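These notes concern the structure reproduced below.
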């Protein structure tokens with residue numbers, strides 16, 4: 001007797017929260033040397049495919065699922081969303097990083113690197129703060145008061161997190177190539193150099209850190 005199984009594959013990172021992503025990354029770390037186990041974890045966590053059911057599907061279906069997962073997880077470079085909505089409240093991304101407050105700078109500088117890990121929600125809580133007012137393309141946000149709401153950003157979806165991450169990647173590239181001698185570059189580059197590893201190209205380090213996670217996911 002043939003049984004039909006409906007498998008739902010995520011269509012975008014807007015369906016995955018940071019909490020889910022971190023949980024998935026942690027789980028995959030346990031099986032990093034086992035490709036089949038990693039695939040099983042992905043299918044279970046992202047598609048709800050029970051291991052017992054997975055063992056019963058055909059090899060053709062299995063390979064199609066692996067291919068679809070790889071395509072989905074390979075699309076991570078997304079635009080920065082300057083204003084986001086969390087629980088019906090608007091938050092704005094720090095509008096002028098060259099004039100970021102010392103408190104915000106100091107708190108971000110506590111972290112060795114910028115990458116999506118267990119510290120990322122804290123960094124996002126510093127960079128995204130409640131909106132005060134907005135007009136057309138300009139807006140202002142509440143001054144940084146040192147309060148960090150880690151849990152708030154754990155339930156924000158990965159399209160927003162990836163947008164912020166790649167903003168830093170591209171900004172680092174632009175600063176290194178075009179504006180290292182300008183006043184803005186001095187202030188902003190200091191921030192990025194502080195939270196990057198000390199040796200080597202900062203942009204490459206950012207990419208390497210994040211791509212290491214993604215490569216594990218894309219097995």
Open item on the list: Residue pairs, Cβ under 7 Å, 6 or more apart or interchain, first in segment 51-75 and closer than 29 Å to residue 161 by Cα, second in a helix (DSSP H, G or I) and at pLDDT 85 or above. List them.
Closed with: 65/43; 66/39; 69/42
Task: Of all residues in segment 117-154 being touching a helix residue (DSSP H, G or I) at 6+ places or on another chain (Cβ under 6 Å) and assigned to a loop (DSSP other than H, G, I, E, B), the one that is nearest to residue 14 (Cα to Cα) - done: 149
- [ ] Tell me which of these residue 127 doesn't satisfy, since it passes every other one: (1) surrounded by fewer than 20 Cβ atoms within 10 Å (Cβ to Cβ); (2) in contact with a strand residue (DSSP E or B) (Cβ under 9 Å, 6 or more places away or on another chain).
- [x] (1)
TODO: Being part of a loop (DSSP other than H, G, I, E, B) and either touching a strand residue (DSSP E or B) at 6+ places or on another chain (Cβ under 7 Å) or closer than 25 Å to residue 142 by Cβ (or both) is the filter here, so list the residues in segment 67-92 that pass it.
DONE: 79, 80, 81, 82, 87, 88
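The values are calculated or read from the model by the stated rules, or taken from the named source; none is laboratory data. Predicted model, so just to flag it, every value in this text is computed and none were measured. Counting neighbours? That spans all protein chains shown, and the Cβs are built from the backbone with ideal geometry, glycine included.
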